1. Mind listing whichever residues of the range B:86-108 are more than 10 Å from every other protein chain (Cβ to nearest Cβ) and surrounded by fewer than 24 Cβ atoms within 10 Å (Cβ to Cβ)?
2. I'm trying to understand the selection: among the residues of the range B:1-58, which are part of a loop (DSSP other than H, G, I, E, B) and either within 14 Å of the ligand (Cβ to nearest atom) or in contact with a Phe, Trp or Tyr (Cβ under 9 Å, 6 or more places away or on another chain) (or both)?
3. So residue B:113 clears everything in (1) on the phi > 0 side of the Ramachandran plot; (2) within 16 Å of the ligand (Cβ to nearest atom) except one condition, right? Which one?
4. Just to check your reading of the model, which residue among B:124, B:134, B:129 is among the hydrophobic types (A, V, I, L, M, F, W, C), assigned to a helix (DSSP H, G or I) and either more than 15 Å from the ligand (Cβ to nearest atom) or at pLDDT below 95 (or both)?
5. Spot the failing condition for residue B:141; the list is (1) away from the ligand (no atom under 12 Å from the Cβ); (2) surrounded by fewer than 24 Cβ atoms within 10 Å (Cβ to Cβ), and only one is missed.
6. Please find, within the range A:1-16, the residue that is farthest from residue A:35 (Cα to Cα) out of those that are in contact with a Ser or Thr (Cβ under 8 Å, 6 or more places away or on another chain) and surrounded by fewer than 24 Cβ atoms within 10 Å (Cβ to Cβ).
7. Name the single residue, out of those in the range B:177-195 being over 24 Å from the mean Cα position of the chain (by Cα) and surrounded by fewer than 19 Cβ atoms within 10 Å (Cβ to Cβ), that is nearest to residue B:245 (Cα to Cα).
8. Looking at this structure, is residue B:250 away from the ligand (no atom under 16 Å from the Cβ) and either over 30 Å from residue B:347 (Cβ atoms) or among the charged types (D, E, K, R) (or both)?
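The values are calculated or read from the model by the stated rules, or taken from the named source; none is laboratory data. Note that this is a predicted model, so its numbers are computed, not measured. Don't worry about glycine lacking a Cβ; one is built from the backbone with ideal geometry, like all the others, and counts go over all protein chains shown.
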Amino acid sequence: MLLALDTATPDVTVALRDDDRVVATAGGDHPMRHGEQLAPAIAEVLAAVDATPRDVTAIAVGTGPGPFTGLRVGIVTARTMAAVLGIPTYGVCSLDVLAAQAADAGAVEGRFLVASDARRTEVYWAAYDVAGPGADVVRLDGPHVGPAADLPAELRALPVVGEGGRLYPVAFGDVRGPERPSAAALAEVVAAERVALSDPEPRYLRRPDAVELSARKRVS
Amino acid sequence: MTDEPLVLGIESSCDETGVGLVRGTTLLADAVASSVEEHARFGGVVPEVASRAHLEAMVPTLERACDEAGVSLWDVDAIAVTSGPGLAGALLVGVAAAKALALTLGKPLYGVNHVVGHVAVDQLEHGPLPPECLALLVSGGHTNLLRVSDIASDVEELGGTLDDAAGEAFDKVARLLDLPYPGGPSIDAVAAEGDPAAIRFPRGLTSQRDLERHRYDFSFSGLKTAVARWVEAKEAAGEPVPVADVAASFREAVCDVLTRKAFDAARAHGITDMVVGGGVTANARLREMAAVRAEAAGVRLRTPRPRLCTDNGAMIAALGAAVVAAGQEPSGLDLAVDSSLPPSEVRG
Ligand SMILES: [Zn+2]
């Protein structure tokens with residue numbers, strides 16, 4: 001079975017898929033509490049179908065971009081479980097998952113943007129082209145991080161999927177749902193090989209905030 | 001002996017990713033990956049840099065510990081993890097990994113206190129702790145004086161630092177003297193050539209008035225400022241700064257106040273065993289002064305070897321083993337990190 005999880009947004013989302021379909025999903029009720037909610041959600045999806053961790057044959061994990069702390073919780077969980085079980089871990093750009101979700105829901109077709117909340121009045125974004133529901137997800141540009149208003153006007157004119165669109169309605173004219181990626185969609189796109197798979201490496205896109213040493217300050 | 005549970009400990013509260021394996025009080029593996037060099041150009045630990053390094057080091061360090069001990073993760077009977085105190089984002093990486101292990105292996109999870117782990121680790125070196133002891137823990141992140149009646153369940157905080165940890169004071173003074181980060185080893189090296197009595201720097205919270213309220217507490221920010229003013233006055237006068245004397249005198253002030261208060265507590269409580277732990281015990285003068293004062297006070301001193309004094313997974317496994325042996329309940333998979341977990345709470 002494929003275990004899928006994503007912690008690149010304030011949500012925790014987990015799904016379990018057998019050879020045919022998603023058989024269980026779980027998530028947390030409290031935003032930004034990935035560390036507390038992820039492991040119980042994994043235990044929950046396994047218990048829902050009387051499965052054990054040894055029944056898991058592969059793990060798919062959202063690699064962001066997204067807030068770093070939550071992102072790391074998901075990735076270290078996937079990597080550790082995979083190391084114990086000796087199974088592969090597939091990383092998937094979380095924006096790609098949301099793009100597929102939007103296309104499959106019929107919310108978009110052709111070219112569009114996905115934008116998520118990067119805080120500090122910025123968005124994580126990427127541009128896509130999807131032929132229609134169930135089609136391959138083609139990322140044309142991104143992922144990038146920056147202020148919504150700084151995107152080229154022709155991109156901002158495209159339909160926008162994701163929380164970033166709702167947060168910056170002035171910059172983005174045509175805002176559509178869904179807002180956040182789900183692990184069920186992640187499991188489906190990995191099983192159908194509709195997205196690019198990567199190593200389970202976090203997509204930080206930003207350097208750590210830190211100031212290098214300069215001349216020392218006087219105290220008196 | 002072999003029927004004691006095999007406990008794996010994970011540590012990620014600051015800049016070391018540690019995984020230890022312990023059976024009872026026997027150390028089987030102690031694998032550590034440090035990001036200390038990545039922090040050097042910032043002059044202190046940068047939380048985001050530390051968290052990123054923990055993520056990259058976690059699985060390789062787990063595998064290295066298993067190789068060292070010649071065991072498989074499937075042999076592990078219990079997982080212990082630092083759930084506080086420390087940097088929240090850094091703690092979360094270790095706790096998430098520990099939960100993933102517990103969940104996948106179907107083994108119990110125990111969230112434990114990092115500071116108490118610094119005491120428990122001594123059991124790996126000197127065997128079971130006496131029924132009651134004092135512990136002086138000094139590192140870049142903490143400065144605590146504890147009374148330990150039961151390592152798994154009964155720890156009382158007698159005092160702690162009101163501002164900087166002792167190790168932080170070393171880092172800051174090293175910067176003042178243009179010595180490299182981390183400050184502990186670089187000041188120690190330079191101080192060996194200096195005169196510890198050259199400058200009388202202040203001993204924080206030792207005046208009669210302070211002792212009434214803060215008998216076992218520490219303060220190092222005033223000392224740091226005093227060193228800065230002294231150095232600036234020299235520079236302003238156009239005189240060379242006697243770096244070795246400043247380092248030696250500063251180190252003397254820190255070690256004096258740490259050991260003075262610790263042995264005062266031993267006397268006051270009639271306790272005759274003391275553990276001195278934490279990364280700052282790598283400091284030669286601290287060990288020497290503690291040994292002299294222990295001798296004078298009739299206190300048996302227990303100091304783990306330097307490798308076990310710095311942050312590592314073995315100390316967490318050691319505390320985990322004590323908690324398991326005491327028959328305590330495991331933590332849930334919803335265990336939260338607590339960046340300011342007080343030392344009196346052995347379990348996170
Ligand atoms: Zn420590």
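1. Hits for the range B:86-108 are B:87, B:107, B:108.
2. Matches in the range B:1-58: B:12, B:13, B:14, B:15, B:43, B:44, B:45.
3. Status for residue B:113: all satisfied but (1).
4. Step by step, each of B:124, B:134, B:129 is checked, and only B:124 is among the hydrophobic types (A, V, I, L, M, F, W, C), assigned to a helix (DSSP H, G or I) and either more than 15 Å from the ligand (Cβ to nearest atom) or at pLDDT below 95 (or both).
5. (1)
6. The selected residue is A:1.
7. Step by step, filter the range B:177-195, then rank; the result is B:195.
8. Yes: the conditions hold for residue B:250.
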